[in-house]
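The values are calculated or read from the model by the stated rules, or taken from the named source; none is laboratory data. No experiment lies behind these values; they were computed from the predicted model shown. Cβ coordinates were reconstructed from backbone atoms using ideal geometry, including for glycine residues, and neighbour counts include every protein chain displayed.
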């Protein structure tokens, strides 16, 4: 699993040490921003997180990645048409506020927004709810896809349990996303990236 992450990290730590900036989270986790990537003209990778309602899991993933990996990724999120929530779930908002992560979306969006001819083509699509997989459309551009299955916290009726579960989901996503931003995105073939993105879903 993720056979090259350790080696890749070693290479990153050997490159341009003076160009790094540590970005600190309120929970003490640090992400390394490699500013030298800008000077090399590397293009941001587009990634789409999919859940049923686009109110909690996919919102947490999008916001978390933009916080720690916005220098590498342009993250979006969406949900299943007909199943969308009317607003972002309160537990998602509370979790992001507690972690001091800005909300990265204006509200739930259907996945049809990303299948139109004019929609930006995604490099990666990560589905966070196994139950929507069979209903998903054919994504334009044949992006690399993976399933990272998480509990449907938005379906939990008890607010206290939902709040706790949302924080646990955010922490679990954070761990996976920290590994994601350390993958050699610009220099690996599609099959290797597909394998490693799917391996992250089995953590």
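Only a single criterion out of (1) at pLDDT below 95; (2) outside any helix (DSSP H, G or I) is not satisfied by residue 192, namely (2).
Count of segment 108-120 residues, restricted to those that are out of contact with any helix residue (DSSP H, G or I) (no Cβ under 9 Å at 6 or more places or on another chain) and surrounded by fewer than 19 Cβ atoms within 10 Å (Cβ to Cβ), is 8. Residue under question is residue 51, and the condition is that it be under 12 Å from the mean Cα position of the chain (by Cα) and within 15 Å of residue 167 (Cα to Cα); does it hold? Spelling it out, it is not the case that residue 51 is under 12 Å from the mean Cα position of the chain (by Cα) and within 15 Å of residue 167 (Cα to Cα).
Check segment 144-156 and report whether any residue there is part of a helix (DSSP H, G or I), farther than 19 Å from residue 51 by Cα and either modelled with pLDDT of 95 or more or touching a strand residue (DSSP E or B) at 6+ places or on another chain (Cβ under 6 Å) (or both). Scanning segment 144-156, I find no residue that is part of a helix (DSSP H, G or I), farther than 19 Å from residue 51 by Cα and either modelled with pLDDT of 95 or more or touching a strand residue (DSSP E or B) at 6+ places or on another chain (Cβ under 6 Å) (or both), so the answer is no. Within segment 93-133, the set of residues being farther than 21 Å from residue 74 by Cβ and either in a helix (DSSP H, G or I) or touching a strand residue (DSSP E or B) at 6+ places or on another chain (Cβ under 8 Å) (or both) comprises 93, 94, 95, 97, 98, 129, 130, 131, 132, 133. Does segment 176-186 contain any residue that is out of contact with any helix residue (DSSP H, G or I) (no Cβ under 8 Å at 6 or more places or on another chain), touching a residue at least 24 places away in the same chain (Cβ under 8 Å), part of a loop (DSSP other than H, G, I, E, B) and over 18 Å from residue 96 (Cβ atoms)? Yes, the conditions are met somewhere in segment 176-186.
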